Amino acid sequence: MRKPLLIVLVLMLCVSSLLSACGGNKNNNASTSTSASPTESAKASEASASPEASKPAEQVELKVSGYKSGAEIGAIPELNEKFMKENPDIKVTYEGMPGAQYKDFIKTRLVAGDASDVMLLHPGAEIVDYAKAGYLMDLSGEPWVPDFTVSAIDAASGDGKVYGTPNDTVMLGVYYNKDIFAKLNLKVPTDWDQFLAACEAIKASGVTPIAIGNNDGWMTLAALFVMAPAMIYAKDPDFDKKLNARETKFAGSWDEMNKAWFSLDTKGYLTPKSTGISLDQAQTDFAKGKAAMYIDGTWSLAGIKGKNEALNLGMFAMPSNKAGEDVYVSAAVGTVWTINKSTEKADAAKKYLAFWAKEENQSIWAKSGGAFLTLQGKKSDADPAFEDIAGTLATGKAWRFLNQAWAQDAATTEMMKSAQGVYLKALTPEQMLKNMDDAWDKAAKLQK
């Protein structure tokens with residue numbers, strides 16, 4: 001009688017053991033992907049963590065930082081989520097903040113030796129400066145490099161080495177409310193006099209001509225960027241080379257352009273007291289019809305539409321040219337993912353950049369930010385709002401964002417800072433340019 005009972009007990013233990021083993025395997029194999037939730041301030045935010053029991057045994061936390069947040073975050077959370085699902089052993093923590101704030105933040109973090117593993121940087125001078133300082137990993141041998149256009153890769157390079165993925169081609173221009181323009185019988189202006197006439201007509205109708213926020217000075221930088229192609233570079237394509245060699249300076253070269261821009265403020269064509277207005281508020285004023293125009297990049301389209309889906313809008317190149325001269329557009333690679341040379345998670349970081357370099361992911365990013373693809377032979381699915389400005393780009397009359405070829409990016413920071421002083425009547429436009437030259441020369445001396 002004991003043997004059957006013993007057999008039953010053994011069978012019960014085996015069944016119990018099998019059930020336990022099945023449950024254990026299920027828990028060990030499960031991996032809940034998390035989404036990276038970016039901040040809209042200087043504070044870090046990270047993807048909500050999966051329960052400890054469901055984490056892969058050796059999950060790596062990849063810290064990523066960038067100057068995309070708030071309305072301009074685009075598809076970064078979506079792509080981070082997608083990446084983590086494809087790579088369950090890697091958890092992405094994204095830290096984002098506005099561009100002007102990010103420039104100081106990333107510089108401080110790199111100097112302190114605790115910057116993120118992956119960093120979003122502006123192409124051109126910013127990448128070159130950090131590469132020279134030894135902060136960026138050389139990615140020249142990565143398999144995705146040949147997938148991009150030569151010009152795009154050049155924007156992400158320095159001293160013959162590739163330092164990141166050139167994710168998009170973006171444009172700066174003038175968004176305009178088509179309904180307001182139609183109501184006032186206004187056509188898209190094609191020279192500066194026509195632009196001023198449009199501003200005057202809009203002002204007379206009781207609507208602010210141009211919404212602008214300058215609490216950090218970035219929107220003035222954008223405004224000068226869209227004016228310079230026609231006013232500076234169409235007349236002197238070698239201006240940057242001369243500037244880098246200090247054969248010419250901002251003072252004496254930019255005077256006419258600076259006065260032209262700030263005259264818009266004195267004539268009442270810009271948002272009043274703009275130094276107290278944020279970019280987001282200016283964008284909202286435009287989206288809600290309180291202003292007829294708004295100067296920003298193609299990447300802000302999603303944010304504008306998010307504030308008013310019914311808005312009938314378009315975008316044109318700033319007509320800072322004189323009558324009879326060509327209109328130029330400001331266009332360039334907009335974002336570059338780079339890898340911190342000191343990272344201890346190089347493999348995970350390279351996987352992240354390889355993921356971003358794929359066509360399907362580049363397309364998701366470009367569409368979310370109103371951008372154009374930088375991949376060889378790939379057609380962009382551009383928004384109809386960009387029909388006007390894309391037409392200008394197609395003529396070949398385009399110039400890169402100004403500071404991408406400048407040897408000293410310190411002038412960019414000073415431009416934003418001093419512009420606020422001009423609006424507040426604490427500085428003249430001429431003094432602003434002198435300050436930019438002084439900042440340039442000071443930075444150059446520190447490098448010697």
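Observations on the model:
- Total residues in the stretch 205-254 satisfying the condition of being farther than 18 Å from residue 415 by Cβ, in a helix (DSSP H, G or I) and of a type in the set (Gly, Ala, Ser): the figure is 1.
- Filtered by the rule that a residue be under 19 Å from the mean Cα position of the chain (by Cα) and farther than 16 Å from residue 413 by Cα, the stretch 110-127 gives 115, 116, 117, 118, 119, 120.
- The listed residue being buried (at least 23 other Cβ atoms within 10 Å of the Cβ) and either in the same structural domain as residue 210 (by TED's automatic domain parsing) or at positive phi (or both), out of 160, 124, 134: 124
- Within the option set 420, 408, being touching a residue at least 60 places away in the same chain (Cβ under 8 Å), in a loop (DSSP other than H, G, I, E, B) and not assigned by TED's automatic domain parsing to the domain that holds residue 152 holds for one residue only, 408.
- Residue within the stretch 292-301 that is crowded, with 22+ Cβ neighbours inside 10 Å, within 27 Å of residue 380 (Cα to Cα) and in contact with a Pro (Cβ under 8 Å, 6 or more places away or on another chain) present: yes
- When the stretch 152-175 is limited to residues that are touching a residue at least 40 places away in the same chain (Cβ under 8 Å) and assigned to a helix (DSSP H, G or I), the one that is nearest to residue 410 (Cα to Cα) turns out to be 155.
- Subset tally (residues that are of a type in the set (S, T, N, Q), more than 25 Å from the chain's Cα centre (by Cα) and closer than 30 Å to residue 131 by Cα) for the stretch 401-435: 1
- Residue in the stretch 283-291 that is assigned by TED's automatic domain parsing to the domain that holds residue 398, closer than 25 Å to residue 98 by Cα and within 18 Å of the chain's Cα centre (by Cα) present: yes
- Cβ separations smaller than 6 Å between residues 6+ apart or across chains give the following pairs from the stretch 85-108 residues that are in a helix (DSSP H, G or I) to residues that are of a type in the set (Ser, Thr, Tyr) and surrounded by fewer than 22 Cβ atoms within 10 Å (Cβ to Cβ): 85/33; 99/67; 102/67.
- Scan of the stretch 232-248 for residues that are more than 21 Å from residue 438 (Cα to Cα), touching a residue at least 60 places away in the same chain (Cβ under 8 Å) and more than 25 Å from the chain's Cα centre (by Cα), ordered by number: 234
- In the set 224, 264, 311, 270, only one residue is hydrophobic (A, V, I, L, M, F, W, C) and either more than 20 Å from residue 425 (Cβ to Cβ) or outside the structural domain of residue 415 (by TED's automatic domain parsing) (or both); that residue is 311.
- Condition check for residue 377: assigned to a loop (DSSP other than H, G, I, E, B) and either at positive phi or exposed (fewer than 15 other Cβ atoms within 10 Å of the Cβ) (or both): yes
- Residue check for residue 189: assigned to a loop (DSSP other than H, G, I, E, B), crowded, with 17+ Cβ neighbours inside 10 Å and at pLDDT below 95: no
- Residues that are part of a helix (DSSP H, G or I) and aliphatic (A, V, I, L, M), drawn from the stretch 333-374: 346, 348, 349, 353, 354, 364, 366
- Residues that are in contact with a strand residue (DSSP E or B) (Cβ under 9 Å, 6 or more places away or on another chain), in a helix (DSSP H, G or I) and aliphatic (A, V, I, L, M), drawn from the stretch 66-78: 76
- With respect to the conditions (1) of a type outside the set (Asp, Glu); (2) buried (at least 20 other Cβ atoms within 10 Å of the Cβ); (3) within 30 Å of residue 145 (Cβ to Cβ), residue 433 lacks only one, and its number is (3).
- Selection of first residues in the stretch 317-344 that are farther than 26 Å from residue 388 by Cα and of second residues that are of a type in the set (Val, Ile, Thr), restricted to Cβ pairs under 7 Å at least 6 apart or on distinct chains, gives the following pairs, ordered by first then second residue: 336/127; 336/165; 337/118; 337/165; 338/127; 339/118.
- Every listed requirement among (1) among the small types (Gly, Ala, Ser); (2) closer than 30 Å to residue 445 by Cα; (3) free of Cβ contacts under 8 Å to residues at least 40 places away in the same chain is met by residue 251 save one, (3).
- Condition check for residue 357: at pLDDT 95 or above, buried (at least 24 other Cβ atoms within 10 Å of the Cβ), within 25 Å of residue 99 (Cα to Cα) and in contact with a Ser or Thr (Cβ under 6 Å, 6 or more places away or on another chain): no
- Qualifying residue in the stretch 240-259 (condition: touching a strand residue (DSSP E or B) at 6+ places or on another chain (Cβ under 6 Å), surrounded by 18 or more Cβ atoms within 10 Å (Cβ to Cβ) and under 24 Å from residue 428 (Cα atoms)): no
- Qualifying residues in the stretch 383-396 (those that are over 17 Å from residue 178 (Cβ atoms) and among the aliphatic types (A, V, I, L, M)) - the one nearest to the chain's Cα centre (by Cα): 393
Residue by residue, here is whether (1) closer than 23 Å to residue 122 by Cβ; (2) of a type outside the set (Gly, Ala, Ser) holds:
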{"residue": "300", "(1), (2)": "yes, no"}
{"residue": "305", "(1), (2)": "no, yes"}
{"residue": "313", "(1), (2)": "no, yes"}
{"residue": "324", "(1), (2)": "no, no"}
{"residue": "330", "(1), (2)": "yes, no"}
{"residue": "337", "(1), (2)": "yes, yes"}
{"residue": "352", "(1), (2)": "yes, yes"}
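The values are calculated or read from the model by the stated rules, or taken from the named source; none is laboratory data. What you see is a predicted model; the values in this text were computed from it and never measured. Cβ: placed from backbone, ideal geometry, glycine included. Neighbour counts: every protein chain shown.
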